[in-house]
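Working notes, beginning with the structure itself.
The values are calculated or read from the model by the stated rules, or taken from the named source; none is laboratory data. Owing to the predicted nature of the structure, the values given are computational and were not obtained by experimental measurement. Here Cβ is always computed from backbone atoms with ideal geometry, including for glycine, and neighbour counts include all displayed protein chains. These area figures cover heavy atoms from the full protein model, side chains too; ligands, DNA and RNA do not enter into them. Shrake-Rupley method; radii C 1.70, N 1.55, O 1.52, S 1.80 Å.
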Amino acid sequence: MLETTYKPAEIEDKWYQAWERAGAFACGRHPERAPYTIVIPPPNVTGSLHMGHALNNTLQDILVRHARMSGHDVLWQPGTDHAGIATQMVVERQLDGEGLSRHDLGRAAFIERIWAWKAQSGGAIIGQLRRLGASCDWSRSRFTMDDGLSAAVRRVFVTLYRQGLIYRDKRLVNWDPLLHTAISDLEVEQREEHGKLWTFRYPLEDEPGRFVCVATTRPETMLGDTAVAVHPEDQRYADVAGKNCILPIMGRPIPIVADVHADPEKGTGAVKITPAHDFNDFEVGRRHGLAMINVLDARACLNDEAPERFRGLDRYEARDAVVAEMQALGLVEKIEEHTLALPYGDRSGVVVEPWLMDQWFVDAKALAGPAIAAVEAGRTRFVPEQWTRTYYEWMRNIQPWCISRQIWWGHQIPAWYGPDGRIFVAETQAEAEAAAAEAYGEPVALGRDADVLDTWFSSALWPLSTLGWPEETPELRRYYPTDVLVTGFDIIFFWVARMMMMGLHFMGEAPFHTVYIHALVRDEKGQKMSKSKGNVIDPLELIDRYGADALRFTLTALAVQGRDVKMSEGRVEGYRNFCTKLWNAARFCQMNGAAPVPGFDPATATEPVNRWLVGKLAAATAEASEALAAYRFNDYANGLYQFVWATFCDWYLEFAKPLLLEGDHAVQAETRAVAGWTLDRILILLHPVMPFVTEELHAAMAERDGGLLVDRPWPEAAALARDAEAEAELDWVIRLISTVRTMRADANVPPGARIPLMLRAAGDGVAARVAGHRRLIESLARIEAVELIEAEAPKGSVQGVCDGTTVILPLAGVIDVAAERARLDKELARLSVEIARLHKKLENPGFLAKAPAEVVATERDRLEAAALAQAKLTEAAQRLAEL
RNA sequence: GGGCGCGUAGCUCAGCGGGAGAGCACUACGUUGACAUCGUAGGGGUCGCUGGUUCAAUCCCAGCCGCGCCCACCA
């Protein structure tokens, strides 16, 4: 027998182990079935489960569990990401605690240390995903730095290099002066800040008394200025364009060039040009063949290009020093307050520097073409659809992707340099050496490129590399392309776009047909969760407190397309209560011997209550299936919530009580069978979102041959016959009972008191319904006896209306006349507003002429019903006045 | 500057051309043989504002106000 209260902690681990023992998550168990594949967004190996993971993996788990039940051979491919910079930082912090730096260890020992760290404490998140219930095929788990996946990375690099789609170039890159590495545009985030705008005077070479004024937010970069630009049509500067001015402090002449980049509306109209430290200036520099003078070192301190007195100052000290010197020279025109956005490294949190250097780039523009076309042609579809536009916007304006990083942890670039700097790109050192020997005519010593690749470079290959590419594995043939990618919008550019590019380029097919983009999980006030704000809700704590099922259900019920998920503990508690409700419904079934009967066909049920329930279940099943097919996770969860709590528990089980207690044997047996069968269906339908509690109840419901719920087939709603008459009948019984309950409550009848009920002016249909469901009405509305009457209601009755039938509670003597008067007045007022509205509508010729006939008919019926109710209640009010 | 989204009950949010909904919170009553992590009933909303389209607008269109996010730029 089940316990009174559901205790998630006692069942979850047990069932997860049972599933794994049964191999329930393994792909390939049913080779005859159609494949269904999802690749997990690989969590960082350093990570621990946060709310975003919980949401992301709950949704994936719902899809794959549903797909398995729906008869697919499912592969949910798991794994972890080596997360270059993040992981390196974790281990460097450890070393720091020992008073060491990675340079003290040297590269090889440092990398060995990271592997040791990974073996010991990396991948804790995998265990946490299990606690959440994620049904990945763990036997296929991969890591982005596994041998096979690393080989895939080298193959892609070499291939793209030979195709001219990867190249080495000297360009301005975003340099992180704290981490000492280049980062891509996407890893830079803009933050608004208050700063100053300085306007400097640069004297003309020919006329030292005359100046060109330039404004800047970064005075220290002036030491690297190699020109001043003015707009070619700017009359103010027409006579100086082409001349030189003298760069103060440095004392060198620099040209005043005419370039459309100079905006006459901004600043002074003349702009200083620092090609080595500004992206726009770099372009101007290229157009005019200007010198590019790098004045900063890797720490963003002034280097030897600066005059001796400035050397070694960091950029902010240098700024003060330059301004001070300019002021001393009398060359500061003005200083203004200014708001500007500064580029910060998303990992280091320091301002990044545009820095001129040699790096490796991917020609993203070339790869983007097919990736755009695949979406345009509908071969890959975004859900919700609005993300398509975001994807296009970025893809159509894509910039070269800087893929080299000056860190140690990651895939080292497979490029070697000869003594004269010639590049040999190859998958192995031996191949590179062979190529070099041929090129030089003799064996030479090669030095390998020290850089590693951007972590997203290997992530981009994830749907291919986890399936064995570049080998022609059976898994690759069977499971590629995958079906759905489930991810957050924050990595559309980082990851989704790049997987599209790589998948199309190397497989000729997009890696997924659907990309489901879910929202961010925020706190209950809508704030982004962050450690610094202290508003982080830990999903593991919620699992401890309320169970994984409750957390999963909460996230699912809140996962509305296109809207952020606002998480609050109260919601989780509420859905834990839902688990308890389900638990107790199962307990009730168990106590009454209501278990699924093998071979039972609900179509054979004859009792209308049972036929009514089967119809409602058919509707709920269809809704659940449709919602999942359309990725409307919230509708899936909320629809079942309503069905279980309202339809099954509040009404059906209450109906079942009198049937089970007093019905004849056939009705009792049928009701037990239908209740058991419906509960069984409910467990199946809820299993994808609440796998643990449903599996536990499934096992408790009957002696089973060890069969697990996880393997049960998903039901077809269409297979269930619906009985319109039974549904109409019971829906009416429910309305009648509700009407009586409301009247009782308004009349302050004690909840336990059994009172008589009279129904007046009921047609034959009502008489038949009462005859058929007398016990249900008496039981649920606490009625002593139902009587059909023709005569007027007894004096002192409480009266109401249900579907045109007068509902009478004869309470002579105990009735509170004033309260009843108030109740009737209120109801009459509501009816008269309704009637007026309907009259107005039905008197409108335009409505009668143009509205669909069925809408007109509905409105007429409504008016008729309201008018009838008004008449009956008016009469009731008159009878009351006679008292 | 470009793009996306959001303003519906006290709170969090569904709905999106024809009767304003849910959960939580709130009020009253209740130990009815599954469940007080519960039951029954109830109160609470000019669906941001202004126009337009329509027989009909919370829903479609336009404008405005407020809020959020993304991209680009910022001398």
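The magnitude of the dipole of segment A:215-315, with charges of +1 and -1 set on the Cβ of Lys/Arg and Asp/Glu and taken from the Cα centre, is near 200 debye.
Taking every pair of distinct Cα atoms and averaging 1/r, then inverting, what Kirkwood hydrodynamic radius in Å comes out for chain A? Write out the running numbers ahead of the final one.
Details: mean 1/r = 0.0299 Å⁻¹.
Value: 33.4 Å, from the Cα pair sum.
Relative contact order for segment A:1-123: 30 percent, from Cα pairs under 8 Å spaced at least 6 residues apart, divided by residue count. Loop-located chymotrypsin sites (Phe, Trp or Tyr not before Pro) across segment A:549-623 with a Cβ neighbour count of 13 or fewer within 10 Å are lacking, with loop assigned by DSSP. The distance separating the Cα centre of segment A:140-154 from that of segment A:542-614 comes to 41 Å.
How high is the relative contact order of chain A, in percent, counting Cα pairs under 8 Å that sit 6 or more residues apart?
Numbers: 1508 pairs, mean separation 108.0, N = 883.
Relative contact order comes out at 12 percent.
Extending 7 Å from the Cα toward the beta-carbon at both A:Thr514 and A:Arg311 defines two label points whose distance is 6.5 nm. Here segment A:404-461 is described by how far its Cα atoms reach on the three principal axes: 38, 21, 13 Å, from widest to narrowest.
Bridging of A:Lys243 to lysines at a Cα separation below 26 Å is possible for A:Lys266, A:Lys272, A:Lys334, once same-chain residues fewer than 8 apart are set aside.
Only DSSP H runs of four or more residues enter the estimate; each adds -39500 (n - 2.57), and after division by the residues of chain A the mean residue ellipticity at 222 nm equals -14000 deg cm²/dmol. Sparse packing (at most 15 other Cβ atoms within 10 Å of the Cβ) combined with a DSSP loop state is found for the following trypsin sites (Lys or Arg not before Pro) in segment A:335-397: A:Arg379. Extension gain for the segment A:Arg860 to A:Ala812, taken as residue separation times 0.36 nm less the Cα-Cα distance, is 13.6 nm to one decimal. Note on exposure: A:Ser141, A:Ser135, A:Ser568 ranked by accessible area (1.4 Å probe, complete protein assembly) read A:Ser141, A:Ser568, A:Ser135, with the most exposed listed first. If you sort A:His180, A:His53 by accessible surface, 1.4 Å probe, largest first, the order is A:His180, A:His53. In chain A, the DSSP beta bridges split such that about 70 percent are antiparallel, to the nearest 5.
Of A:Lys840/A:Lys872; A:Lys795/A:Lys826; A:Lys14/A:Lys657; A:Lys118/A:Lys170; A:Lys7/A:Lys566, which sit over 30 Å apart, Cα to Cα? Where the Cα-Cα span goes over 30 Å, the pairs concerned are A:Lys14/A:Lys657; A:Lys118/A:Lys170.
Loop-located trypsin sites (Lys or Arg not before Pro) in segment A:622-716 (DSSP state not H, G, I, E or B) with no more than 16 neighbouring Cβ atoms inside 10 Å: A:Arg704.
Here each label is just a point 7 Å from Cα along the line to Cβ, and for A:Glu654 and A:Glu541 those points are 3.9 nm apart.
For segment A:556-668, a Kirkwood hydrodynamic radius built from all Cα pairs, placed in the Stokes-Einstein relation at 4 °C and 1.567 mPa s, yields a translational diffusion coefficient of 81 µm²/s. Based on the Kirkwood approach, the hydrodynamic radius assigned to segment A:743-798 is 12.2 Å, with every pair of different Cα atoms included. For A:Cys402, the accessible area of its heavy atoms, probed at 1.4 Å with every protein chain present, is near 10 square angstrom. Axis angle, to the nearest 10 degrees, between helix A:764-780 and the longest C-alpha principal axis of chain A: 70 degrees. Fully extending the segment from A:Leu95 to A:Thr217 would add 40.1 nm, taking 0.36 nm per residue of separation and subtracting the current Cα-Cα distance.
Using the Cβ-Cβ distance between A:Asp13 and A:Trp117 with R0 set to 35 Å, the FRET efficiency works out to roughly 0.80. Applying 1/(1 + (r/R0)^6) with r as the Cβ-Cβ distance of A:Ala771 and A:Arg821 and R0 = 30 angstrom yields a FRET efficiency of 0.35. Inter-label distance, A:Gln190 to A:Gln429: 4.5 nm, where each label sits 7 Å from its Cα along the C-beta direction. Between 0 and 90 degrees, rounded to the nearest ten: what's the tilt of helix A:569-591 against the longest Cα principal axis of chain A? Around 40 degrees separate the two axes. Relative contact order of segment A:729-883, taken over Cα pairs closer than 8 Å and 6 or more residues apart, is 24 percent.
Rounded to the nearest 20 Debye, what is the dipole magnitude of segment A:93-188 about its Cα centre when Lys and Arg each give +1 and Asp and Glu each give -1 at the C-beta?
Working: 15 positive and 11 negative charges, 72 e Å.
Its charge dipole is roughly 340 debye.
Figure legend: label point modelled 7 angstrom from the Cα of A:Ala728 along Cα→Cβ; residues of segment A:790-826 with amide N under 20 Å from it are A:802-806.
The angle separating the long axis of helix A:724-746 from the principal Cα axis of greatest extent in chain A is about 80 degrees.
For the pair A:Ala622 and A:Arg879, what calculated FRET efficiency results from E = 1/(1 + (r/R0)^6), where r is the Cβ-Cβ distance and R0 = 56 Å, to the nearest 0.05? Show your work: numbers first, answer last.
Working: r = 47 Å, r/R0 = 0.84.
Once rounded, the FRET efficiency stands at 0.75.
Just the number: Rg to Rh for segment A:209-309, Cα atoms, Kirkwood Rh, two decimals.
0.96
For A:Thr4 and A:Ala702 in the same chain, what is the full-extension length gain: residue separation times 0.36 nm, less their Cα-Cα distance, in nm? Provide the component values of the computation, followed by the final result.
Working: separation 698, 0.36 × 698 = 251.28 nm, distance 1.79 nm.
Difference between extended and current length: 249.5 nm.
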